[in-house]
Each structure stands twice: as C-alpha cells, then as structure tokens.
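The values are calculated or read from the model by the stated rules, or taken from the named source; none is laboratory data. Predicted, not measured: the structure shown is a model, and the values here were computed from it. FYI the Cβ positions are ideal-geometry reconstructions off the backbone, even for glycines, and counts take in every protein chain you see. Just the protein is used for accessible areas: all its heavy atoms, side chains included, with ligands, DNA and RNA removed. Shrake-Rupley method; radii C 1.70, N 1.55, O 1.52, S 1.80 Å.
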Amino acid sequence: MIKVAPSILSADFAHLGRDIEAISTADYVHVDVMDGMFVPNISIGIPVVASIRKVTDLPLDVHLMITKPVRYVEQFCDAGADIVTVHAEAAAGYQLERAVEMIHAAGAKAAASVKPHTPVEVLAPVMAQLDMVLIMSVEPGFSGQSYIEGSERKVARTVELARAVGAAPLIEVDGGIGVKTAPLVAAAGADVLVCGSAVCGADDPAAAIAQVTQAAEAARAAALASKEA
C-alpha cells in the first residue's frame, strides 16, 4: 500500500551501483536532478540516469529540479526514466501542461511538484492528467534536511483537490522522511515516500525500508479505520 523511493542523492557516488543494489527491496529509485539554477546545487544528469537504468529493474523516479524542464523531459524519458517530475515553479502556465503532455507522449508517467511555500492549488489545471503529485517537505536542493512540520496538511489538501476533479494520482512526499515522519504523511494520504539518509545512510538499507514501510502502513490503516468508525 505504501511505496518507498530511496533517494540516491544520499548514496555514495563512487559506489552507486552497489548502493542501488542495496535498495533492491524498495519500490522506486528516486533520482534528483539539479541544475544549480532552480536550486542552489548541481547533481546528476542524463548520462547518469542512462547508466542507472542498466543496473536496476526498479522504476526510475526522476525528479527534475531544473529551469525550463520542457527542454529535457524527452531526453530523460529516453534515458530510462519511468516517472518524470517537473516543478510548477519552473514550468509556469502552459509550460507545465506541455511538459506533462511530452512526458506521456514519450511513454513515461508524469508528475508535478511544488515547493513547501507554493500552494498545491497551482497544480489544479493539470491535476486530472497527473500520475503523481510530489509534495516537498523541505526546500529542494540538499539531502539531510529536517521535515517541515505541518507538511502533512498539504498532503491532505492534495487528496481533496484530486478527488474534486475525479483524479487519483499517487501522492509522493520528499524531505526529512524516516520512521518518525513517515506515519504523519501516510496518515494524511501519501502513497510514496522518498527517503534519503534514512535509507541510503542506514547500516542496513533493506531493514530501514521495511521499518519505514511498516510504520507508514500502520498509520495509514489507523487513519482509515478512524474515518470508517
């Protein structure tokens, strides 16, 4: 019911293949792409995504933190991305709609994301076309940050907006997610949890994935039981 997407931003890039193998029990590999302009950091690009595609059968969840993502969405799809996420702040207006169309046309699933201080309502024009919505629970750009309290309310609001247009995209949360915070967002309706240091920085990544999943699913079950009562 709950899916975990470890972020390789917290992996050892000198041993990336090894670290991806260590998270083989996860549901996705989360790949953070940064251009140093949209966020104050530079990470990996298209060649690395293509290389990762060769060493894992897990779906690649590629998060584009770049300006004007319409320039590159097709290339990331061609490199092996299964899901491509673009930021509403980087693809305003028709560009967001165009990016979603291009991702689907390339055969991948389309997702859109918002930063912590951006209202999720900006995604309303494309909500019905999205396969996933990514809620940032930290300011994007660096791993190891602490979860912003109250982010779970944004998750719940996303569920409401999606239902209002008859859509049911997966809801993903990224930033400071671990055993303690996963239950908060899962209870609010999150389906996919991006875990960086909580998994890739753990001594036993597989055990960490299992612990996060168990904690999140227990919280989701309790929330659903409470609604039915």
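Would you pick out the residues in region 156-182 that are within 15 Å of residue 214 (Cβ to Cβ) and either modelled with pLDDT under 95 or open to solvent by 30 Å² or more (accessible area, probe 1.4 Å) (or both)?
Here is the first cut: in region 156-182, the residues within 15 Å of residue 214 (Cβ to Cβ) are 177-182.
Those that are within 15 Å of residue 214 (Cβ to Cβ) and either modelled with pLDDT under 95 or open to solvent by 30 Å² or more (accessible area, probe 1.4 Å) (or both): 179, 180.
Residue 42 is checked against (1) open to solvent by 20 Å² or more (accessible area, probe 1.4 Å); (2) within 18 Å of residue 7 (Cβ to Cβ); (3) modelled with pLDDT of 95 or more and fails just one. What number does that condition carry?
Every listed condition holds for residue 42 apart from (3).
Take residue 1 and decide whether it is within 17 Å of the chain's Cα centre (by Cα), of a type in the set (A, V, I, L, M), surrounded by fewer than 24 Cβ atoms within 10 Å (Cβ to Cβ) and under 18 Å from residue 143 (Cα atoms).
Working: within 17 Å of the chain's Cα centre (by Cα): yes; of a type in the set (A, V, I, L, M): yes; surrounded by fewer than 24 Cβ atoms within 10 Å (Cβ to Cβ): yes; under 18 Å from residue 143 (Cα atoms): no.
Here the answer is no, as residue 1 does not meet what is asked.
Name the residues in region 195-229 that are within 17 Å of residue 177 (Cα to Cα), among the charged types (D, E, K, R) and assigned to a helix (DSSP H, G or I), would you?
217, 220
Just one of 24, 51, 7 is in contact with a Cys (Cβ under 8 Å, 6 or more places away or on another chain) and among the hydroxyl-bearing types (Ser, Thr, Tyr); which is it? Write out each step before concluding.
On the way: 24 fails: in contact with a Cys (Cβ under 8 Å, 6 or more places away or on another chain); 51 fails: in contact with a Cys (Cβ under 8 Å, 6 or more places away or on another chain).
From the options 24, 51, 7, the qualifying one is 7.
Looking only at residues in region 1-27 that are hydroxyl-bearing (Ser, Thr, Tyr) and at pLDDT 95 or above, which one is nearest to residue 209 (Cα to Cα)? Walk me through it before giving the result.
Start the filter on region 1-27 by keeping residues that are hydroxyl-bearing (Ser, Thr, Tyr), which leaves 7, 10, 24-25.
Those left that are additionally at pLDDT 95 or above: 7, 24-25.
Details: 7: 12, 24: 10, 25: 8 Å.
Among residues in region 1-27 that are hydroxyl-bearing (Ser, Thr, Tyr) and at pLDDT 95 or above, the one nearest to residue 209 (Cα to Cα) is 25.
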